[in-house]
Amino acid sequence: MKLDNVMVEVKGGTAVVTVNRPDKLNALNRATLEDLSRAMGEAAADPAVRTVILTGAGEKAFVAGADIGEIAGLDAQSGREFALFGQGVFRAIELFPKPVIAAVNGFALGGGCELAMACHMRIASENAQFGQPEVNLGIMPGYGGTQRLPRLVGKGRALELLLSGDRVDAKRACEMGLVNAVVPQAELLATALGMAARMGAKAPLAVRHCIEAVNTGSEMPVEEGCYLEASLFGLCCTSEDMREGTRAFIEKRKPEFKGC
Ligand code: COA
């Protein structure tokens with residue numbers, strides 16, 4: 001697949017999806033969001049892809065935000081549509097049926113921070129910086145930032161970032177729970193690939209149902225979430241991979257999962 005603003009390279013079972021507008025610090029214009037959506041759709045449909053890593057081209061930025069040039073011309077109607085479109089692309093990433101790891105290699109600001117938060121996990125390089133600077137532009141986050149940030153770091157810390165527009169470095173982001181781990185930039189992709197490979201070796205249906213249970217269940221009262229969990233657990237028990245996984249344990253060998 002040839003896309004203008006996003007590169008996709010499959011390494012082993014991992015699709016490395018790279019937002020590729022380095023001269024604009026990988027800012028997300030409409031065309032880039034469309035390319036990202038297409039790339040993720042292909043990765044979801046490809047059975048050879050078990051995991052996805054999302055990153056930005058170059059060494060300076062993951063994604064420096066939505067494209068401010070495009071924002072400048074919005075009115076009430078087009079602004080709403082702009083936000084809904086980006087939210088849709090990000091929601092599909094959050095609900096993606098395979099693990100999605102953000103490898104945050106630099107600035108993750110505005111829509112970039114929101115994109116990282118829509119991924120299932122985040123690994124940051126030491127030079128990464130996170131923030132929601134929209135208030136500096138007279139706007140607010142529109143791609144889910146006001147919703148995902150408090151869920152990740154708590155309401156008080158989220159409001160501090162949202163209302164000040166301040167940036168935090170990778171170490172602070174890790175302390176806040178915004179990222180899972182911080183590594184030197186030279187080790188970022190290898191670390192993300194290692195994490196992806198470990199998850200990619202697990203039973204794909206079980207992994208998929210874990211993502212579903214966390215995404216859907218965390219918005220429910222705990223009893224309903226547990227009920228959902230029990231149903232998904234039951235579904236796992238109908239899979240060939242469940243027979244294989246439990247049999248392999250008993251036979252003291254490595255399981256060979258097929259994803260069915
Ligand atoms: N939208 C559109 N273009 C962007 C952009 C964005 N969000 N972020 C960076 N760019 C462009 C710059 O306009 C510049 O383009 P140019 O060379 O054609 O002038 C290029 O990317 C490099 O950015 P520059 O500002 O020169 O780099 P810097 O190292 O001095 O500063 C940042 C880096 C990230 C601090 C700065 O670019 C910035 O503040 N960007 C906007 C962040 C933001 O507000 N994001 C939320 C948007 S809703």
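Rule-based calculations on the coordinates, nothing more; no lab input. Owing to the predicted nature of the structure, the values given are computational and were not obtained by experimental measurement. Every residue, glycine as well, gets a Cβ built from its backbone with ideal geometry; the counts of neighbours run over all protein chains shown.
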Original post:
Taking the Cα centre of each part, how many Å lie between segment 96-114 and segment 194-260?
Top reply: 24
**OP:** Kindly provide log₁₀ I(q)/I(0) values, in the same order as q = 0.10, 0.14 Å⁻¹, from the Debye equation applied to equal alpha-carbon scatterers of segment 1-133.
**Re:** -0.28, -0.56
Original post:
Give or take rounding to whole Å, what are the principal axis extents of the alpha carbon atoms in the chain, in descending order?
Top reply: 61, 41, 35
**OP:** Using the structure shown, list the pairs from LYS24/LYS155; LYS171/LYS254; LYS60/LYS171; LYS11/LYS155; LYS11/LYS258 with a Cα-Cα distance above 26 Å, or answer none.
**Re:** LYS24/LYS155; LYS171/LYS254; LYS11/LYS155
Original post:
Which log10 I(q)/I(0) values, to two decimals, does segment 115-235 give at q = 0.19 Å⁻¹ under the Debye formula with one point per Cα?
Top reply: -1.11
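Using the reciprocal of the averaged 1/r over all distinct C-alpha pairs, how large is the Kirkwood radius of segment 46-119 in Å?
Values: mean 1/r = 0.0746 Å⁻¹.
Hydrodynamic radius (Kirkwood, Cα pairs) of segment 46-119 is 13.4 Å.
Using +1 on the beta carbon of Lys and Arg, -1 on that of Asp and Glu, and nothing else charged, what's the dipole of segment 41-131 about the Cα centre, debye to 20?
Working: 6 positive and 10 negative charges, 62 e Å.
Rounded to the nearest 20 debye, it is 300 debye.
How much of the DSSP bridge set in segment 1-76 is antiparallel, in percent, rounded to the nearest 5?
Values: 6 of 13 bridges.
Here the antiparallel bridges make up roughly 45 percent for segment 1-76.
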Subject >> Helical mean residue ellipticity (222 nm; -39500 (n - 2.57) per DSSP H run of 4+; nearest 500) of the chain >> reply: -15000 deg cm²/dmol
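Average the reciprocal distances over every distinct pair of alpha-carbons in segment 115-172, invert the result, and give the Kirkwood radius in Å. Working shown, then result.
Values: mean 1/r = 0.0847 Å⁻¹.
With all distinct Cα pairs of segment 115-172 included, I get 11.8 Å.
For the chain, what is the charge dipole size about the Cα centre, in debye to the nearest 20, if Lys and Arg each add +1 at the Cβ and Asp and Glu each add -1 at the Cβ?
On the way: 28 positive and 31 negative charges, 141 e Å.
For this selection, approximately 680 debye.
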**OP:** Taking amide H positions as placed in the peptide plane 1.01 Å from N, state which residues far from PHE107 in sequence (5 or more) or on other chains have amide H under 5 Å from it.
**Re:** ALA61, PHE62, GLN129
